[in-house]
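The numbers here are math on the coordinates, done by the rules we state, and not lab data. Everything numeric in this text was worked out from a predicted model, so none of it was measured. Backbone-built Cβ (ideal geometry, glycine too); neighbour counts: all protein chains shown.
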Amino acid sequence: MTFSDGKIADQNFRIEYGDGEFLTGEMGYQDVTFSGITVDNQQVALVDYAYWFGDGESSGLLGFAYPGITSAFSGPDPDKDTNNNSIVYNPFFFNAIEQGKTEPMFSLALTRETEGEAGQLAFGCLPNIPYKGDFVSTPLEVFQFPGSAVEITEFTYYTIIPDAYIISHGGATKEYFNSEGILLTGQPSETRDGISNTTLSNTTPVIVDSGSTLVSLSTALAAKVNALFDPPATYMSAQDVYEVDCNATPPKFGVRIAGHDFYLQDQDLLLTGELGLDPDTGMCITGVQPFASEPFILGDTFLKNVVAVFDVGKGEMRFAEQ
């Protein structure tokens, strides 16, 4: 394959992922059509070297995050790439907005199907998937990497700050925790979920990311969730994951966003089958896993329970229950 609109001289592509996967290649221009929307002269990467856990079906990635986290670099050698030689460019979605091809928002509803349609992605509108109740909205946040000397001033990831995380087990009263697993207290008030948004105080951002399979939270909070499986989940230090008996009973776990509690279904808290079974132990991984440091992530085990709207124009996200 070659670039229909030409290769970009003296640029390379490089991206690395937390699980060790990486991709490198060349940059060029190509007309790209997706869901009936064509972007002319879109900058794209053509990978020629990779360590990648493929699925035998997909042949590439189309990212929707902001331009600030694109992965082009000056020079021909990926081994010399640093933050100092990164080059920002508009990905497909942002060029589609600039070219007047779509309204500045997209929405996503994932399903649990293992074959066929796995959900719907819609540009400028909502997917044709039923949802319950009203949408709630929360502002997008500028994510700052902890300890970084560089101040970020623009949006990069789709980052929000949840009000709290909810855990309950065996019919017990639900409790609200911050991102570090510290119990939050609040006075009941007249809201549909029983606790006012203003009485809870979590300040740690999370990334909403459909490219991540699991919910990844702080070590302390993930430990609290996994301890309430019946029987409790076991931390496998070699793999840095929690596994549990595949017939275990999960606790109730949810994320409170903009005053509303969004719960994960049992099948998203306990992953069985090919996706979740560890053939070496005969146990299954859980849908909430520990992450050593920020950014924490609300991945697919959360997104399968909501319709999510990524509104770039308004600088906010909206959620409703599936």
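Points worth noting:
- In terms of the mean number of neighbouring beta-carbon atoms within 10 Å, the peptides 71-78, 3-10, 42-49 order highest first as 42-49, 71-78, 3-10.
- By the rule of a second cysteine Cβ within less than 4.7 angstrom, the chain holds isolated cysteines at C125.
- Contact order relative to length of the chain, as percent, for alpha carbon pairs under 8 angstrom and 6 or more apart: 16
- For the stretch 7-102, with +1 on Lys and Arg beta carbons and -1 on Asp and Glu, the positive-most of Y49, I8, F94 along the dipole: F94
- In the chain, helices alone account for a calculated mean residue ellipticity at 222 nm of -2000 deg cm²/dmol, with every DSSP H run of four or more residues adding -39,500 (n - 2.57).
- Space enclosed by the convex hull of the alpha-carbon atoms of the chain, per residue, Å³: 155
- Pairwise FRET efficiency - E175 versus Q267, Cβ, R0 = 30 Å, nearest 0.05: 0.85
- The Cα trace of the stretch 7-102 gives Rg and Dmax of 13.7, 38 Å, the first to one decimal, the second as a whole number.
- Percent RCO, i.e. relative contact order, over the stretch 1-121, from Cα pairs under 8 Å lying at least 6 residues apart: 22
- Per-pair calculated FRET efficiency, R0 = 51 Å: A227 and T153 via Cβ, rounded to 0.05: 0.80
- Across every direction, the projection of the convex hull enclosing the Cα atoms of the stretch 197-283 has a mean area of 6.6 nm².
- Efficiency of FRET between A292 and F22 - r from beta-carbon atoms, R0 25 angstrom, step 0.05: 0.80
- Neighbours of T38 by Cβ distance under 12 Å: Lys/Arg scored +1, Asp/Glu scored -1, total -1.
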